[in-house]
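What follows is a set of notes on a single structure, which appears directly below.
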Amino acid sequence: MYEKIKAAIRSHTDTHRLVFWYDPQSTHRGILEELDTEAEVLEAENNEWWIKYHLLEEKPRQHFLIYIPSPARG
């Protein structure tokens, strides 16, 4: 099962500049640490404004996987 998740994440980060991964109970954090992707992996930990600045101003062409260890809102 983890291989399918890893393959899906790699596929999405290859084709999309921004991929958001919500993990409400942090049950898949181990996959995040083992992930092999060209995308830069960022974890949202009360640093959302820095992430926004980093994405838009510092690295506007880089692909990112943003891991959010909480449920999606709204």
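The values are calculated or read from the model by the stated rules, or taken from the named source; none is laboratory data. Please read all numbers here as calculations on a predicted model, not as lab measurements. Every residue, glycine among them, receives a Cβ derived from its backbone with ideal geometry; neighbour counts consider all protein chains shown. Heavy atoms of the whole protein, side chains included, go into the accessibility calculation; ligands, DNA and RNA do not. Shrake-Rupley method; radii C 1.70, N 1.55, O 1.52, S 1.80 Å.
Go over the candidates LEU32, LEU56, LEU65, LEU42 one by one and state the one that is in a helix (DSSP H, G or I) and crowded, with 16+ Cβ neighbours inside 10 Å.
LEU32 is the lone residue from the list that is in a helix (DSSP H, G or I) and crowded, with 16+ Cβ neighbours inside 10 Å.
I'd like the residue in the stretch 1-29 that is in a loop (DSSP other than H, G, I, E, B) and open to solvent by less than 60 Å² (accessible area, probe 1.4 Å) and, out of all such residues, is nearest to ARG73 (Cα to Cα).
Out of the qualifying residues, it is ASP23.
Given the criteria in contact with a strand residue (DSSP E or B) (Cβ under 7 Å, 6 or more places away or on another chain), hydroxyl-bearing (Ser, Thr, Tyr) and assigned to a loop (DSSP other than H, G, I, E, B), does THR37 qualify?
Criteria met by THR37.
For the stretch 24-47, name all the residues that are modelled with pLDDT under 95, of a type in the set (Asp, Glu) and touching a Lys or Arg at 6+ places or on another chain (Cβ under 8 Å).
Correct list: GLU34, ASP36.
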